[in-house]
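Visitor: Quick one: structure below, then a few questions.
The values are calculated or read from the model by the stated rules, or taken from the named source; none is laboratory data. Quantities reported herein were computed from a predicted structural model and do not represent experimental measurements. Glycine also receives a Cβ, built like all others from the backbone with ideal geometry; neighbour counts cover every protein chain displayed.
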Amino acid sequence: MLKNVGSERAGAPAAAAAGRWRAVRAVAAHAATGIRLRARARRFLRDAEIHPRDDLVELGSRGYGFWVVPARLLGPESRCYLAGVGEDITFDLALIARFGCTVHAFDPVPAARAYAEAAARHEPRFVFHPVGLWSSDTTLPLHAPAVEGHVSHSVTDLHGTRKVADAPVRSVASLMRELGDERLDLLKISAEGAEYEILDGVAADDVDVRIICVEFAQPAPRGRAERAYGELRARGYDLVDAHVTAWTWKATFVRDRAQGAG
């Protein structure tokens with residue numbers, strides 16, 4: 001069969017132009033979303049009631065893996081569950097170095113496991129679990145990141161991408177029973193959209209956790225992060241720190257155990 005070489009050559013510029021147009025539209029859509037998210041971030045910070053403490057410390061890499069925690073509430077015996085490893089465990093290792101505690105890190109992505117095991121190979125107090133957190137024990141589809149090559153996959157299909165695998169997920173209460181923990185001093189959640197389901201599970205199971213560090217991944221459904229903030233306040237948590245920009249919403253909540261776990 002003879003190929004119509006002229007037609008192929010004529011079609012190439014059209015295909016290239018279509019590709020450039022799709023790229024321009026994607027950039028414009030991203031910019032428009034950023035504008036909306038910046039407005040939402042400003043409203044959140046305006047409406048949120050922040051109760052700063054004098055013992056807050058920032059640990060981890062400033063650009064990506066940092067979190068703010070109250071130093072007086074952590075020590076060698078603290079029970080710390082950290083959901084979401086990606087390719088940055090500077091916070092995990094800083095917790096260990098500063099407070100001498102053991103940390104349990106959770107991530108179902110194979111690349112995260114490979115990174116974490118290499119990065120913490122000389123630190124026995126870093127314990128990696130190849131599962132994600134959720135409100136129950138089950139298996140969920142794992143979706144690709146928005147940017148090819150990134151490690152942060154999502155079980156909630158945060159970015160509308162293809163399924164790449166199935167991932168085991170566990171509830172916090174189930175893991176605590178397995179690990180023999182009756183309470184948690186710190187729960188960190190960076191879970192690419194799964195944070196709401198995890199927080200709902202913690203509330204439903206009446207988990208006794210004193211400090212919650214949570215990233216509300218963006219873009220989130222309108223009002224969802226704000227509702228989670230309200231639900232945590234209703235359960236006796238104070239928002240003690242918030243780093244909120246258009247695409248990154250990180251918040252630290254603390255509850256006085258004297259108020260009880262309910």
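Visitor: State all residues of segment 66-82 that are outside any loop (DSSP other than H, G, I, E, B), out of contact with any Gly (no Cβ under 8 Å at 6 or more places or on another chain) and touching a residue at least 40 places away in the same chain (Cβ under 8 Å); if no residue qualifies, say none. Break it down into steps so the answer makes sense when it comes.
Guide: So in segment 66-82, the residues outside any loop (DSSP other than H, G, I, E, B) come out as 67-73, 80-82.
Pick out the ones that are also out of contact with any Gly (no Cβ under 8 Å at 6 or more places or on another chain) and you get 68-73, 80-82.
Once the filter is applied, which keeps residues that are outside any loop (DSSP other than H, G, I, E, B), out of contact with any Gly (no Cβ under 8 Å at 6 or more places or on another chain) and touching a residue at least 40 places away in the same chain (Cβ under 8 Å), segment 66-82 yields V68, V69, P70, L73, C80, Y81, L82.
Visitor: Specify which of the listed residues (G86, G19, G100) is out of contact with any strand residue (DSSP E or B) (no Cβ under 7 Å at 6 or more places or on another chain), among the small types (G, A, S) and modelled with pLDDT of 95 or more. If you could, list the steps in order and put the result at the bottom.
Guide: Numbers: G86 fails: modelled with pLDDT of 95 or more; G19 fails: modelled with pLDDT of 95 or more.
Checking each option against the conditions leaves just G100.
Visitor: Restricting to segment 229-239, name every residue that is of a type outside the set (F, W, Y), surrounded by 16 or more Cβ atoms within 10 Å (Cβ to Cβ) and out of contact with any helix residue (DSSP H, G or I) (no Cβ under 6 Å at 6 or more places or on another chain). Can you show your working first?
Guide: First, the residues of segment 229-239 that are of a type outside the set (F, W, Y): 230-236, 238-239.
In the following step, the residues that additionally are surrounded by 16 or more Cβ atoms within 10 Å (Cβ to Cβ) were identified as 232, 235-236, 238-239.
Within segment 229-239, L232, R235, D238, L239 meet the criteria.
Visitor: Report, ordered by the first and then the second residue, all pairs with beta carbons closer than 6 Å, sequence separation of six or more or different chains, a first member in segment 83-107 that is free of Cβ contacts under 8 Å to residues at least 12 places away in the same chain, and a second member that is in a loop (DSSP other than H, G, I, E, B).
Guide: none
Visitor: Next question. Restricting to segment 93-114, name every residue that is over 14 Å from G75 (Cα atoms) and either buried (at least 21 other Cβ atoms within 10 Å of the Cβ) or not assigned by TED's automatic domain parsing to the domain that holds S61 (or both).
Guide: Across segment 93-114, the qualifying residues are A105, F106, D107, P108, V109, A112.
Visitor: To continue, here is another question. May I ask you to list the residues in segment 80-129 that are over 30 Å from P141 (Cβ atoms) and of a type in the set (D, E, K, R)? Let's see the steps before the verdict.
Guide: Our first condition is that a residue be over 30 Å from P141 (Cβ atoms); within segment 80-129, this holds for 93-102, 121-125.
If the condition is that a residue be over 30 Å from P141 (Cβ atoms) and of a type in the set (D, E, K, R), then R98, R121, E123, R125 are the ones that fit.
Visitor: Let me ask you something else. How about segment 67-78: which of its residues are touching a strand residue (DSSP E or B) at 6+ places or on another chain (Cβ under 9 Å) and surrounded by fewer than 17 Cβ atoms within 10 Å (Cβ to Cβ)? It would help to see each step written out before you state the result.
Guide: Filtering segment 67-78 for residues touching a strand residue (DSSP E or B) at 6+ places or on another chain (Cβ under 9 Å) gives 67-71, 73-75, 77-78.
Those that are touching a strand residue (DSSP E or B) at 6+ places or on another chain (Cβ under 9 Å) and surrounded by fewer than 17 Cβ atoms within 10 Å (Cβ to Cβ): A71, G75, E77.
Visitor: While we're looking at this one, here's another question. Could you list, in sequence order, the residues of segment 129-139 that are without any contact (Cβ under 8 Å) to a residue 60 or more places away in the chain, surrounded by fewer than 20 Cβ atoms within 10 Å (Cβ to Cβ) and closer than 21 Å to L184 by Cα? Explain how you work it out, then say what you get.
Guide: Taking segment 129-139 as the starting set, the residues that turn out to be without any contact (Cβ under 8 Å) to a residue 60 or more places away in the chain are 129-131, 137-139.
Retained after the next criterion (residues that are surrounded by fewer than 20 Cβ atoms within 10 Å (Cβ to Cβ)): 130-131, 137-139.
Answer for segment 129-139, where residues must be without any contact (Cβ under 8 Å) to a residue 60 or more places away in the chain, surrounded by fewer than 20 Cβ atoms within 10 Å (Cβ to Cβ) and closer than 21 Å to L184 by Cα: P130, V131, D137.
Visitor: Something else now. Among the listed residues V209, V244, identify the single one that is within 23 Å of I50 (Cα to Cα), of a type in the set (A, V, I, L, M, F, W, C), in contact (Cβ under 8 Å) with a residue 24 or more places away in the chain and in contact with a strand residue (DSSP E or B) (Cβ under 6 Å, 6 or more places away or on another chain). Let's see the steps before the verdict.
Guide: Working: V244 fails: in contact with a strand residue (DSSP E or B) (Cβ under 6 Å, 6 or more places away or on another chain).
So the residue among V209, V244 that is within 23 Å of I50 (Cα to Cα), of a type in the set (A, V, I, L, M, F, W, C), in contact (Cβ under 8 Å) with a residue 24 or more places away in the chain and in contact with a strand residue (DSSP E or B) (Cβ under 6 Å, 6 or more places away or on another chain) is V209.
Visitor: Tell me yes or no: at least one residue of segment 42-60 is assigned by TED's automatic domain parsing to the domain that holds T248, under 16 Å from the mean Cα position of the chain (by Cα) and among the charged types (D, E, K, R).
Guide: No.
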